[in-house]
Amino acid sequence: MSGCWGDDQRCGNGKFYYVNGDIYDGEWKAHVRHGLGSYTYADTGSRYVGLWKDGRREGHGELVHANHKFVGKFIDDKVSNRAIPVTAITRK
């Protein structure tokens, strides 16, 4: 973990490396992901970039997979029905 600690809890901006290889880089509040941040899933290489609330994806974000992504609103840690699936991703 790099970043801020207060009252023995993560706070402010920081980067955390999970045991399974996942990485979160972003804002923390009261020891949970909260605010703007990115989360990279080690097993798939997928990446979420967007807003977090109380440790869950909440609000605008992008969930990028190897060959497609979802852009839009996340509610209660899930892609909402208003998210737009983008099926073609070109990598340079």
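Under 5 Å between amide hydrogens, which residues at least 5 positions from Arg33 or on another chain qualify, with H placed 1.01 Å from N in the peptide plane?
Under 5 Å from the amide H of Arg33 lie the amide H atoms of Gly55, each far enough along the sequence or on another chain.
Non-local amide H neighbours of Asp22 (under 5 Å, H modeled in plane, Pro and chain starts lacking H): which ones?
Here the answer is Ala42, since their amide H atoms fall under 5 Å of that of Asp22.
Using a 10 Å cut-off on Cβ atoms, rank the peptides 63-72, 26-35 from the highest mean neighbour count down.
Numbers: 63-72: 15.4, 26-35: 17.5.
Highest-to-lowest ranking by the protection proxy: 26-35, 63-72.
Give the relative contact order (percent, whole number) for the range 2-86; include only Cα pairs under 8 Å separated by 6+ residues.
16 percent
Please say if the range 2-86 is rounded, prolate or oblate, where rounded means a/c under 1.5 for a ≥ b ≥ c the square roots of the C-alpha gyration tensor eigenvalues, and otherwise the choice is prolate for a/b larger than b/c and oblate otherwise?
It comes out oblate by the Cα gyration axes.
Throughout, read-outs are computed from the coordinates displayed, never taken from laboratory work. Nothing here was measured: the structure is a model prediction, and the numbers come from that model. Virtual Cβ from ideal backbone geometry, glycine too; neighbours counted across all protein chains shown.
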